[in-house]
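Novice: Before anything else, here's the structure in question.
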Amino acid sequence: MRNRYGTMRRGGPGLRRADVSGPVTGRSVAIPPSTGPNAADPTAMNAAPSATSAATPLQVVSVNTATAVAWQWNGRRVMSAIGKRPRTGPVAVGPLGLEGDEQADLSVHGGLSKAVYAYPAGHYAFWQTVRAQARVSLWDEPLPPGSLGENLTVAGLDEAALWIGDRLVLPGCVLVVSEPRTPCFKFGAAMGFVQAVKLMAQSGYCGAYLAVAQPGTVQAGDAITLVPGPREVGLRELFRARARP
């Protein structure tokens with residue numbers, strides 16, 4: 001198993017099944033009409049790309065990593081590193097991602113164009129609500145940072161404000177928006193109900209893969225400056241195009 005720096009790992013701390021998967025259910029869940037500051041209409045196809053939130057500064061809320069571990073899914077053994085955990089202090093960022101982070105399936109995760117995965121903190125209330133609707137969590141049970149499998153939990157920005165080629169300039173590194181995430185069955189397992197994959201597609205709450213333009217470090221609390229790129233292809237537009245049957 002190779003880590004994000006391309007070197008072989010020699011094992012690591014075990015990850016409990018509960019860390020990546022709760023009781024998985026196929027229960028039908030409706031998208032809430034309003035959940036959190038960014039969820040007034042999560043299914044809107046043509047919502048105008050908003051500027052970053054004036055009330056919330058662009059900032060890294062949490063930096064999260066995990067090593068790949070084996071767990072059981074529908075009677076078979078699979079590897080996953082979706083169970084991210086917050087890190088403290090500066091974390092090194094290289095061309096292939098964060099120090100101490102791994103991907104289990106390099107055919108769909110990782111590489112130069114998907115080195116870092118960022119997810120908006122503003123969508124967490126949505127996932128907390130739909131998990132409660134699916135009866136896999138309590139209504140007041142918060143999701144800890146990294147629960148969506150992201151390396152960077154980011155406040156003040158969402159997919160509607162991102163375009164392919166935009167740069168996120170941080171104090172210690174520079175990242176470039178490269179493509180949206182396409183959820184797989186492991187995301188449904190991590191959320192605790194299989195319909196989560198469909199809900200990500202319907203809501204457009206996909207997060208962003210980032211390439212590393214300037215290696216360095218990143219840590220919780222880092223301010224982010226958004227530098228527009230060519231602005232020809234929107235992140236959410238590309239996600240919806242790929243999600244169409």
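Novice: Could you grab me the full set of residues in the range 109-120 that are at pLDDT 90 or above and among the small types (G, A, S)? So that I can check it myself, show each step before the final result.
Specialist: First pass over the range 109-120, keeping only residues at pLDDT 90 or above: 111-120.
Correct list: G111, S113, A115, A118.
Novice: A further question on this structure: Suppose the filter is within 30 Å of M79 (Cβ to Cβ) and surrounded by fewer than 22 Cβ atoms within 10 Å (Cβ to Cβ); does V194 pass it?
Specialist: In short, yes.
Novice: Next question. Please go through the range 140-179 and pick out each residue that is under 13 Å from H123 (Cβ atoms) and among the polar types (S, T, N, Q).
Specialist: Matches in the range 140-179: S147, T153.
Novice: While we're looking at this one, here's another question. Taking the range 111-131 as the region of interest, how many residues are closer than 20 Å to L162 by Cα and crowded, with 17+ Cβ neighbours inside 10 Å?
Specialist: 12
Novice: Considering each residue of the range 132-144, count those that are buried (at least 21 other Cβ atoms within 10 Å of the Cβ) and farther than 19 Å from V194 by Cβ, and give that number.
Specialist: Number of matching residues: 0.
Novice: Could you list, in sequence order, the residues of the range 220-232 that are out of contact with any Gly (no Cβ under 6 Å at 6 or more places or on another chain) and of a type outside the set (D, E, K, R)?
Specialist: If the condition is that a residue be out of contact with any Gly (no Cβ under 6 Å at 6 or more places or on another chain) and of a type outside the set (D, E, K, R), then A220, G221, A223, I224, T225, L226, V227, P228 are the ones that fit.
Novice: Checking L170 against (1) out of contact with any strand residue (DSSP E or B) (no Cβ under 7 Å at 6 or more places or on another chain); (2) touching a residue at least 40 places away in the same chain (Cβ under 8 Å), only one condition comes out false. Which one?
Specialist: Going through (1) out of contact with any strand residue (DSSP E or B) (no Cβ under 7 Å at 6 or more places or on another chain); (2) touching a residue at least 40 places away in the same chain (Cβ under 8 Å) one by one, L170 breaks only (1).
Residue by residue, here is whether (1) at pLDDT below 95; (2) within 13 Å of L152 (Cβ to Cβ) holds:
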residue: N64; (1), (2): no, yes
residue: Q72; (1), (2): yes, no
residue: I82; (1), (2): yes, no
residue: R85; (1), (2): no, no
residue: G94; (1), (2): no, no
residue: Q103; (1), (2): yes, no
residue: S107; (1), (2): yes, no
residue: G122; (1), (2): no, no
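Novice: Find the residue count for the range 206-221, including only residues that are touching a Cys at 6+ places or on another chain (Cβ under 9 Å) and not hydrophobic (A, V, I, L, M, F, W, C).
Specialist: To start, the set of residues in the range 206-221 that are touching a Cys at 6+ places or on another chain (Cβ under 9 Å) comprises 212-218.
Subsequent filtering for residues that are not hydrophobic (A, V, I, L, M, F, W, C) retains 214-217.
Of the residues in the range 206-221, 4 are touching a Cys at 6+ places or on another chain (Cβ under 9 Å) and not hydrophobic (A, V, I, L, M, F, W, C).
The values are calculated or read from the model by the stated rules, or taken from the named source; none is laboratory data. Just so it is clear, the model here is predicted, and its values are computed rather than measured. Neighbour counts are summed over all protein chains in view; Cβ atoms, including those assigned to glycine, are modelled from backbone coordinates with ideal geometry.
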